[in-house]
Amino acid sequence: RLGFPPRTAAMPAFRQVGEKQLPQEVVFMAWSPKRDLIALANRAGEVLLHRLANFQRVWSLPPNENTGKEVTALAWRPDGKILAFGLTDTKRIILCDVEKPESLHSFSVDSSITYMHWMEVTEESSVLTSFYNAEDESNLLLPKLPALPKKIMFVCIIICFTVLIITFFYFYRLNALVLGGSCGFIEIYAYGMFKIATVTGVAGACRGLCLSSDLKSLSVITEIRDSSDSEAEITYFQLDTSLLSSYLPEVTRMARKFTHISTLLQYIKLSLTCMCEAWEEILMQMDSRLTKFVQEKNTTTSVQDEFMQLLLWGKASLELQALLMNQLTVKGLKKLGQSIESSYSSIQKLVISHLQSGSEALLYHLSELKGMALWKQKYESLGLGASGIEEAITAVGSFILKANELLQVIDSSMKNFKAFFRWLYVAMLRMSEDHVLPELNKVMTQKDITFVADFLTEHFNEAPELYNRKGKYFNVERVGQYLKDEDDDLVSPPNTEGNQCFFFLQICFLIQLVT
């Protein structure tokens, strides 16, 4: 009588439009909010993306030890471009690109995730509107970061990380990923990356979460069990999150600044990976062959003395001659020299164009973040402090100085190796009685001999203590020490003797200690 259809009228019935058999049991699924896609997580820990129309598989992301193997929650970002899923065995959250099965970002949490919800903030204000529409100042003040080398296969897999982060995160409206887990664990991440809130004092495991679009309230459903056999107690309540709503512009600025910093850290990390790939193990061949020579030779003379004898008198012991002619060979020496020079040049370019550019951009954003922290009226209530930021700025400054030191090491090593290989190449040609080209058959000047002698004295000193730690007696190649994750002290050749700038810095440091 109030407009409802008569009881005798037949309601349209649901009908099955398709069926698909899957090899594994599906434990979670989530429809994309924008596209004709459905994300699935199966019992084997695999995450799959299918099209709804024909159930064609778009991609699959198999489980692995680094990320995890037990998926317990799925959530789409409101624009449907990123899929988030939680793994309970490793307690990690993975953000995955909708186009490719690649991890864009991941982070650890303190509890197993039982539910996640990703929402978009629709609250508008004049401050936020102008903030969204304004062009990012860093794009105007900072040079564009150069693309990472695509020829390195490891980096090819994640080469688009920086572009994706820039496109998908801080040029997008504020959104928040809400995570709920066992033992009342609840956390909120702006843009799915920056933690802006942690809720404590909640009992039970989260079974449902919903953050209002204006950030003023959080609805929570929890499940409490006294034992595995007892009946679960389901509780629903709301939490007041108006603090986030009151500081919405500040939260947005902090979140976007964090994405800048997080992206730059990843960019620097990938740059270092490229440098390690460019360095390659071939740069250690001289060390390993000299070490093998020490272990096999019967003479009591040192390797340095034997090379010195070859340099000064043009004569080599039978053992050194066997090392050079049989193990190293003339062609092998030439190839080794070209490889080392190419690797050093590649690392040098990466330091100048990538490490320095990324570090300077990182300093810019950290300095801005420090300025925000000093505005206590706006940001102190959100937990932003200046002390930790100052430590980060100091660390980045030290990193830049170490990168400049690496450039000096590379420059010195390239000069040393060029002179050493040129001399050794001619000496080996004469040993093999091969024809020496006229441009190579020039008599070495006293300056050249002194230069090679200094190189032999500095690098060919035997250090048996290295063998116990690294399995070698020498430290001929010194660039690799900057690229390896080791606790050993760096051995760097920059000479500060007579350097007025260094002397001035020492005086400043002493004055600072006194005051």
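The values are calculated or read from the model by the stated rules, or taken from the named source; none is laboratory data. Please read all numbers here as calculations on a predicted model, not as lab measurements. All Cβ positions, glycine included, derive from the backbone under ideal geometry; neighbour counts span all protein chains shown. The area values use the complete protein model at the heavy-atom level, side chains included, leaving out ligands, DNA and RNA. Shrake-Rupley method; radii C 1.70, N 1.55, O 1.52, S 1.80 Å.
Structure summary
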quantity: Projected-area mean, segment 355-400, by convex hull of Cα positions, square nanometres; calculated: 2.9 nm²
quantity: Principal semi-axes in Å for segment 48-96 [√(5λ), Cα gyration tensor, largest first]; calculated: 21, 14, 8
quantity: Residue order for VAL17, VAL351 - accessible surface, 1.4 angstrom probe, largest first; calculated: VAL17, VAL351
quantity: Projected area averaged over orientations for segment 231-337, convex hull of C-alpha atoms, nm²; calculated: 17.8 nm²
quantity: Sorted largest first, extent of segment 176-286 alpha carbons per principal axis (Å); calculated: 69, 43, 18
quantity: Of LYS69/LYS269; LYS315/LYS349; LYS195/LYS484; LYS81/LYS257, those spanning more than 29 Å from alpha-carbon to alpha-carbon; calculated: LYS315/LYS349; LYS195/LYS484
quantity: Segments 352-360, 112-120 sorted - mean Cβ within 10 Å per residue, highest first; calculated: 112-120, 352-360
quantity: Cα principal axis extents for segment 1-121, largest first, Å; calculated: 60, 35, 24
quantity: Listed peptides 193-204, 54-65 by packing density, highest first (mean Cβ within 10 Å); calculated: 193-204, 54-65
quantity: Cα convex hull volume per residue for segment 300-353 (Å³); calculated: 108 Å³
